Structures are given as C-alpha cells and as structure tokens.
Amino acid sequence: MILMIQWIKDIKWGKVLIVGLIYTLISMVVRQVEAMLTLSYYMDPQYFGLWSKLMMPKAGPPPAEFMVMSLIFSMVTGVSISIIYYYLKEYLPKKRLQRMFLFADLLVATSFVFFTIPVYLLFNMPAMLLLCWFVSSFIILTATSALLVKVVK
C-alpha cells in the first residue's frame with residue numbers, strides 16, 4: 001500500500017495534462033488523415049450498423065457532438081497513458097530510445113490483444129479498416145511514448 005501511494009505522489013500533474021493535450025492533438029490529426037484515407041468504409045451502407053448513433057445518427061459526416069466527445073475521450077486517454085507511464089517508468093530501461101520503444105511496444109501489444117483481435121473476431125469489421133486503425137494507433141502510441149520519455153524524466 002505504501003509503495004502504491006509513493007508512485008502516485010511522484011506524479012507531476014502538470015506534465016500529465018500537457019501530455020494529455022499533446023496526445024489529443026496528435027491523435028486528432030492522425031485520426032483525421034486515417035478517416036480521409038478510409039472514407040469509403042464509413043460511407044458503405046453495408047457497415048452503417050457498426051457505427052454508433054453518436055458518430056453517425058444519419059448518413060453523412062459526424063455531428064459536432066461526436067467531435068467534442070472525441071476530444072474529451074482523447075484527453076482522458078492521453079492522461080491515462082501518462083499515469084500508466086508513471087507507474088511503469090522505474091521498470092523501463094534507462095536509455096531513452098529503449099525506454100520509448102519498450103513502452104510503445106507494451107501499449108501497441110496491449111491494443112492488439114485487447115482491441116484488434118476481439119474486434120476482428122466479434123464484429124463484421126473489414127480487415128483493411130482494422131489494419132488502418134492498428135497502424136494509426138501504432139503511430140499515435142509511438143509518438144506518445146517519445147513525448148512521455150522527453151517530458152516525464
């Protein structure tokens with residue numbers, strides 16, 4: 001219990017919020033590029049049932065509410081990744097590049113195991129779209145890992 005409290009006391013909340021904000025910016029840019037490249041999947045009536053009512057209440061572009069929720073969820077995700085980094089940082093290698101890539105590998109592998117594989121198995125999701133999501137997540141998580149290693153020392 002004391003060890004758990006100690007790592008929480010070491011968190012620099014200003015840095016966590018900075019990383020959360022930058023994560024939000026990076027993820028929004030990467031996801032917008034990805035959405036433009038994969039637009040045909042979102043417009044295909046065969047897949048309309050996959051998208052949430054928040055994202056696509058009707059045919060056409062997502063409403064403003066979806067963008068606001070995306071920003072909020074991205075910020076929460078960025079903050080959460082930062083807190084996980086604080087928790088694991090003493091177990092990661094000391095060299096900057098090794099630390100960055102090991103943390104990125106952990107995040108990407110976790111995403112693959114707990115998101116990509118189950119989504120492919122459970123939903124009528126086009127494999128190419130899922131691959132694009134995985135690649136964009138890889139880019140976002142690697143950039144976030146580099147940012148964390150730089151900002152949180």
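The values are calculated or read from the model by the stated rules, or taken from the named source; none is laboratory data. Keep in mind it's a predicted model, so treat the numbers as computed, not measured. Cβ: placed from backbone, ideal geometry, glycine included. Neighbour counts: every protein chain shown.
Would you pick out the residues in region 92-125 that are in a loop (DSSP other than H, G, I, E, B) and touching a helix residue (DSSP H, G or I) at 6+ places or on another chain (Cβ under 6 Å)?
Passing the criteria: LEU92, PRO93, MET125.
Just one of the numbered conditions (1) in contact (Cβ under 8 Å) with a residue 12 or more places away in the chain; (2) assigned to a helix (DSSP H, G or I); (3) touching a helix residue (DSSP H, G or I) at 6+ places or on another chain (Cβ under 6 Å) is not true of TYR86; which one?
(3)
Just to be sure I understand, how many residues within region 112-129 are free of Cβ contacts under 8 Å to residues at least 60 places away in the same chain and either buried (at least 17 other Cβ atoms within 10 Å of the Cβ) or of a type in the set (Asp, Glu) (or both)?
1
Search region 53-81 for residues that are under 20 Å from SER111 (Cβ atoms) and pair each with any residue that is modelled with pLDDT of 95 or more and of a type in the set (Lys, Arg) when their beta-carbon atoms are under 9 Å apart and the residues are at least 6 apart or on different chains.
Going by the 9 Å Cβ cut-off, the qualifying pairs are SER70/ARG31; SER74/ARG31.
Which condition breaks for TYR86 when tested against (1) surrounded by fewer than 12 Cβ atoms within 10 Å (Cβ to Cβ); (2) under 25 Å from LYS12 (Cβ atoms)?
(1)
Counting only residues that are among the hydroxyl-bearing types (Ser, Thr, Tyr) and either modelled with pLDDT under 95 or over 27 Å from MET36 (Cα atoms) (or both), how many does region 54-79 have? Full working, then the answer.
Taking region 54-79 first, the residues among the hydroxyl-bearing types (Ser, Thr, Tyr) are 70, 74, 77.
Subsequent filtering for residues that are either modelled with pLDDT under 95 or over 27 Å from MET36 (Cα atoms) (or both) retains none.
Qualifying residue count, region 54-79: 0.
Which condition does THR38 not pass, out of (1) without any contact (Cβ under 8 Å) to a residue 12 or more places away in the chain; (2) in contact with a Leu (Cβ under 6 Å, 6 or more places away or on another chain), if it passes all the others?
(1)
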